[in-house]
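The values are calculated or read from the model by the stated rules, or taken from the named source; none is laboratory data. Predicted, not measured: the structure shown is a model, and the values here were computed from it. Heads up, the Cβs are rebuilt from the backbone with ideal geometry, glycines too, and the neighbour counts pull from every protein chain shown.
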Amino acid sequence: MQDAILEVDDLVVEFDTDEGRVRALDGVGFSVKAGETVGVVGESGCGKSVTAQSIMRLLPQPMGQIVGGAIRFHGQDLASLSLEEMRRIRGARIGMVFQEPMTALNPVHTIGRQLTEVILLHKKVSKQEALQKAVAILDRVGIPSPDIRMGEYPHQLSGGMRQRVVIAMALVCEPDLLIADEPTTALDVTIQAQILELIQELQQDMGMAVMLITHDLGVIAETCQNVVVMYAGRVAERGTVYDIFDKPSHPYTQGLLASIPRLDTTPKSRLTIIPGMVPGLRDLPPGCRFENRCPFSDEACCVQTPVEEAVSGQHTVACLHWKALSPAQPGGVI
Amino acid sequence: MTPLLEVNDLKMHFPVREGLFLRASKFNRAVDGVNLHVAPGETLGLVGESGCGKSTLGRCITRLYQPTSGEIKFRDQDISRMRNRDLLPLRRDIQMIFQDPLESLNARHTVGEILEEPLIIHKMGNRQERQKRVAELLNQVGLPARSVTRYPFEFSGGQRQRIGIARAIALKPSLIVCDEPVSALDVSIQSQILNLLVELQQELNLAYLFIAHDLAVVKHISDRIAIMYLGRIVESGPGEALYRNPQHPYTQSLISAIPVPDPHQKSQRILLKGDVPSPINPPSGCRFHTRCPRATQICKEQEPVLTAQPETGGLVTACHHAGPA
Ligand SMILES: Nc1ncnc2c1ncn2[C@@H]1O[C@H](COP(=O)(O)OP(=O)(O)OP(=O)(O)O)[C@@H](O)[C@H]1O
Ligand SMILES: Nc1ncnc2c1ncn2[C@@H]1O[C@H](COP(=O)(O)OP(=O)(O)OP(=O)(O)O)[C@@H](O)[C@H]1O
Ligand code: SF4
Ligand code: SF4
Ligand SMILES: [Mg+2]
Ligand SMILES: [Mg+2]
């Protein structure tokens, strides 16, 4: 087994808001190894983007603060780096792609200028070489007539093309790790398929690790080797993609998997639901955060915070009663 | 069964204004010759990529738009050219639900006022009867009775969608155009709303035109499905047949592109080249020919028409080379 290139350990992040301090992440931990794709999945507000922003040191300032835990990249604690040192890592060794490509692109500069700027910032190359590199990467991400596109502005491109440009910018310096936060959520399925395929190809070419944030379990199943399931600022369960889909051991993971409509289910049959909704950061239940929606909760769940326990191998779950519920366990009910 | 709704060769062309005098020299052919029908109590799912004209079609049918040409027959009456004043009884019978309920709900009105408004407009009952109806509606969509005094912004996305649904069923319509009603919701909330829509349909014998880009969602809720590409229906038929045995290359690639939530089943994606072309200047012949893996010369020259496909369980397909993938 290879060493992890990214280790997130017991991460705690808080925000100062008008109505006081809220804790958005509460002890989040997982790791990403070289060359693998780790999917981070969970519903809106569970802390996926805050996790990504913490790793990149892009939390909104001064409201967002890392108040505990560690983020190690190749063994080095990112939280202890100066902003200047972090800037050198960002873009060069960790690339990033967000849901809305326009936030990553400058509307008043040409695609070519933005790409070459990134290259010149991180690589000791001549302007000429940077231009060549830029055209080559645009070609690589599947943009037709890249030399013409170099002179165009972001608004002249379609949504799918813009996301390709953002991927090109994220990858032009051949980073070790790509953090992609919902990179295809705003795109149509046929374009999504193109982009996911592209990320996978580039990953194989470059041996890069990918942390893919999404709420789409289909995307996870198709692209990831390992999965982190988040709920309300904590990790509910993690493991290989087979652990999570074949032997989901957390009631939340089980509920998520049961509630998605699938192409092969009987039309209009009743879908399994998770009752209620994700609690806000200001009214989190004291024990297990899933307690108010969980079909298996009891008094213990209301007071005791579940800690991560090993199911088998890399598979861990944070639920007090997982043994009685897990399909991985003889006698498990689900 | 005689259809509740029948749409024939419907077109909606938006003028594209440009130049000094803002003369419309070009048209955005958002809906460009659509045929479809919906039976009472039935769900027709409408799927297609962004910008293919789904919402525009829905807005023509609810007569939020006046279509450029074609026929919209509702209970055998062509409503496509009806004037506003004649549309009032129709507005009772055809309702719409939107993706973002907040946009369609008046933020300064309480939920009670929002739900009572259509009853007032259509002069239904006295104050007391209306309030009783509002309470009944809240109960039907699974919202607490105390919601009447609260404002839309105080609710979560899923609850707001419930308010939108309550308003849509307030006048006991027979058809609801649902424009991406669950697209913005989380999976666990999405399943709650889908269950509610199915329940209400059975209870009230509602017909739905259900617009979405998520084929798995559409497959779940629909009896029949129509696939739309650049302003036209390219294939339609019973959901099961369409999903198991699609004959149109676009439907095939669309289905293959859906990520399947099962790691054992790595789908064989049929990747399409390039982006959807602009509806302002759609490709000649078959509009899909610029991206179609099966395109030949005839596809560039002749527009294919919807043709029944034998032994497919009821599919109609517009393709010169229709057949299995
Ligand atoms: N700047 C901020 N100030 C206060 N709270 C914040 C801030 N940014 C995020 N949060 C809170 O932190 C929590 C996690 O948010 P985050 O954006 O990480 O969710 P997410 O999992 O990415 O959701 P989505 O799927 O909607 O993108 C949320 O409750 C959110 O309201
Ligand atoms: N009111 C309008 N005026 C002018 N053009 C419009 C108007 N509404 C839609 N269009 C154009 O018509 C075409 C079809 O748009 P429409 O909103 O119907 O697509 P859609 O299939 O609903 O897409 P999406 O999945 O993104 O909602 C687009 O090119 C759009 O820009
Ligand atoms: S700890 Fe209790 S409430 Fe939480 S997921 Fe497990 S059973 Fe449910
Ligand atoms: S008509 Fe031709 S271009 Fe159009 S879908 Fe069929 S094969 Fe493809
Ligand atoms: Mg996010
Ligand atoms: Mg639309």
message: Given the criteria surrounded by fewer than 23 Cβ atoms within 10 Å (Cβ to Cβ), more than 14 Å from every other protein chain (Cβ to nearest Cβ) and closer than 13 Å to A:Gly95 by Cα, does A:Asp205 qualify?
response: no
statement: When (1) among the hydrophobic types (A, V, I, L, M, F, W, C); (2) more than 21 Å from B:Gly274 (Cα to Cα); (3) within 14 Å of chain B (Cβ to nearest Cβ) are applied to A:Met211, the one that fails is (3)
query: Can you pull out the residues in region B:244-263 that are modelled with pLDDT under 95 and either within 16 Å of ligand 2 (Cβ to nearest atom) or under 20 Å from the mean Cα position of the chain (by Cα) (or both)?
result: B:Leu254, B:Ile255, B:Ala257, B:Ile258
field: Pair list, Cβ < 6 Å and 6+ apart or interchain, from region B:181-209 residues that are assigned to a helix (DSSP H, G or I) to residues that are of a type in the set (Lys, Arg)
entry: B:Asn195/A:Arg270; B:Val198/A:Lys268
query: In region A:202-234, what residues are touching an Asp or Glu at 6+ places or on another chain (Cβ under 7 Å) and over 30 Å from A:Gly142 (Cα atoms)?
result: A:Val229, A:Gly233, A:Arg234
message: Pairs please, first residue from region B:287-311 and over 15 Å from B:Leu271 (Cα atoms), second anywhere and more than 8 Å from ligand 4 (Cβ to nearest atom) and assigned to a loop (DSSP other than H, G, I, E, B), Cβ atoms under 6 Å, 6+ apart in sequence or on different chains.
response: B:Arg287/B:Leu230; B:Lys300/B:Ser284; B:Gln309/B:Gln247; B:Gln309/B:Leu315
- prompt: Is it true that B:Met82 is surrounded by 19 or more Cβ atoms within 10 Å (Cβ to Cβ), away from ligand 1 (no atom under 16 Å from the Cβ) and of a type outside the set (D, E, K, R)?
  reply: no
task: State which residue is surrounded by the fewest Cβ atoms within 10 Å (Cβ to Cβ) when the search covers only region A:145-160 and only residues that are more than 21 Å from A:Thr223 (Cα to Cα) and either among the polar types (S, T, N, Q) or within 14 Å of another protein chain (Cβ to nearest Cβ) (or both).
output: A:Ser145
field: Set A:Val141, A:Val166: member being in contact with a helix residue (DSSP H, G or I) (Cβ under 6 Å, 6 or more places away or on another chain), buried (at least 20 other Cβ atoms within 10 Å of the Cβ) and at pLDDT below 90
entry: A:Val141
- prompt: Considering region A:26-55 alone, what residues qualify as being part of a strand (DSSP E or B) and either more than 13 Å from A:Val228 (Cα to Cα) or within 16 Å of ligand 3 (Cβ to nearest atom) (or both)?
  reply: A:Asp26, A:Gly27, A:Lys33
statement: Taking region A:206-263 and keeping residues on the phi > 0 side of the Ramachandran plot and of a type in the set (A, V, I, L, M, F, W, C) leaves A:Ala232
query: Can you find a residue in region A:202-211 that is within 30 Å of A:Leu320 (Cα to Cα), more than 16 Å from ligand 4 (Cβ to nearest atom) and not acidic (Asp, Glu)?
result: yes
task: Evaluate region A:214-234: report whether one residue or more is part of a loop (DSSP other than H, G, I, E, B), within 13 Å of chain B (Cβ to nearest Cβ), within 16 Å of ligand 3 (Cβ to nearest atom) and not hydroxyl-bearing (Ser, Thr, Tyr).
output: yes
message: Please go through region A:21-67 and give me each residue that is among the small types (Gly, Ala, Ser) and in contact (Cβ under 8 Å) with a residue 60 or more places away in the chain, ordered by number.
response: A:Ala24, A:Gly27, A:Gly29, A:Ala34, A:Gly35, A:Gly39, A:Gly42, A:Ser44, A:Gly45, A:Gly47, A:Ser49, A:Ala52
query: Does region A:161-175 include one or more residues that are among the hydrophobic types (A, V, I, L, M, F, W, C), within 11 Å of chain B (Cβ to nearest Cβ) and out of contact with any Phe, Trp or Tyr (no Cβ under 7 Å at 6 or more places or on another chain)?
result: yes
